[in-house]
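All of the numbers you see were taken from the coordinates with simple rules; none came from a lab. Since this is a predicted model, take the numbers as computed values, not measurements. Methodologically, a virtual Cβ is constructed for each residue, glycine included, from the backbone with ideal geometry; neighbour enumeration extends over all protein chains shown.
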Amino acid sequence: MNDFRSGFISFVGRPNVGKSTLTNALVGEKIAITSSKPQTTRRAIRGIVNTPTAQLILVDTPGLHRPRTLLGQRLNDVVGNALSSVDVIGFCVPANEKIGPGDAFINEQLGEYRRAKLVALVTKSETVSRDALAKQLVAINELRNWDAVIPVSAVSGEQLEELKVILGELLPKSKALYPEDMKTEESMESRICELIREASLEDSREELPHSLAVTIDEMGPREDSNIYDIHANLWVERDSQKAIIIGKGGSRLKQIGSEARVEIEKLLGTKVMLRIHVKVAPDWQRDPKQLGRLGM
């Protein structure tokens, strides 16, 4: 046990490069929602991975970007706060996209976090040929002197076990910081809110993803029944967005509820009665008070 290691690891990168998918694959459970929409992750979500020799505490963060709203700035602040206290930073770059200005911007920011070991992760390695992957590895290696450079695939599972070993070896010697059977410190309410937001994101119009937020009014098991009741609010910024979310005859909201309920039932292991009310909080992304009320 003297050689056991434990510590915090954060994955960073542009929006939609596979950070949350990788976190979920390593944990072995869905703790962070995923979507093709940028800036899906809004908080630093901790997932816990236990190996025979280490405990990896993964801090999944929003994608770093140049902010246009108060919400965008707060998302960047979440990333900065997370990176200032972790032991290892994994810089994620997808195998199927050339390194661009956004990657260069993030790589430059990494120089500010001198206490952390820096690892480059080439995500989505299953999407390209071996030759293309080799070229991407060379390009990333030229950015700086990394402690490790690793190609991984969260989809196929390629190199995930090797990644756990490498990350564990870079952590400081320490006893486990969380119980061995714990997968995340996210509350059940937060996870349910995120699953509802995830269902709302798919097929949404370009302006909608950033305008969506979810809160819970009430949740709990029904007396003398195996049904779990959830009363949720889905917030948007304008009446026109409310109409889009509800859809013709309530069709879109019904679809959102059905998709979210399936995932929530997997999480809770019981039947769920989910009721979602769509509400408007005008321009909440730019309003500090409303951001606070919506948990941002």
Here the range 223-234 yields Karplus 3J(HN,Hα) values (6.51, -1.76, 1.60; θ = phi - 60°; whole Hz; Gly and Pro given as x) of 4, 6, 7, 9, 9, 10, 8, 9, 10, 10, 10, 10
Once Lys and Arg are counted +1 and Asp and Glu -1 for all other residues with Cβ under 14 Å from that of residue 182, the total becomes -2
Expected unfolding gain across residue 268-residue 138 under the 0.36 nm per residue rule, minus the alpha-carbon gap, is 42.4 nm
Taking r as the C-beta separation of residue 217 and residue 177 and R0 as 35 Å, the FRET efficiency to the nearest 0.05 is 0.55
Residues whose modelled amide H sits under 5 Å from the amide H of residue 184, counting only those 5 or more places away in sequence or on another chain, are 48
Here, residue 51 and residue 165, labelled 7 Å along Cα→Cβ, have an inter-label distance in nm of 0.8
Computed ³J(HN,Hα) along the range 14-26: with the Karplus parameters 6.51/-1.76/1.60, θ = phi - 60°, integer Hz and x for glycine or proline, the list is 4, x, 6, 9, x, 5, 5, 4, 5, 4, 4, 5, 5
Counting only residues 5 or more apart in sequence or on a different chain, those whose built amide H sits under 5 Å from that of residue 6 are 55, 174
By the mean-Cβ-within-10 Å protection proxy, highest first, 156-163, 211-218 rank as 211-218, 156-163
Which of 248/279; 183/266; 30/164; 242/271 exceed 22 Å between C-alpha atoms? The answer is 242/271
Once the in-chain neighbours fewer than 8 apart are removed, the aspartates and glutamates whose Cα is under 16 Å from residue 175 read 3, 87
Per-residue Cβ contact counts at 10 Å, fewest first, order 166, 276 as 166, 276
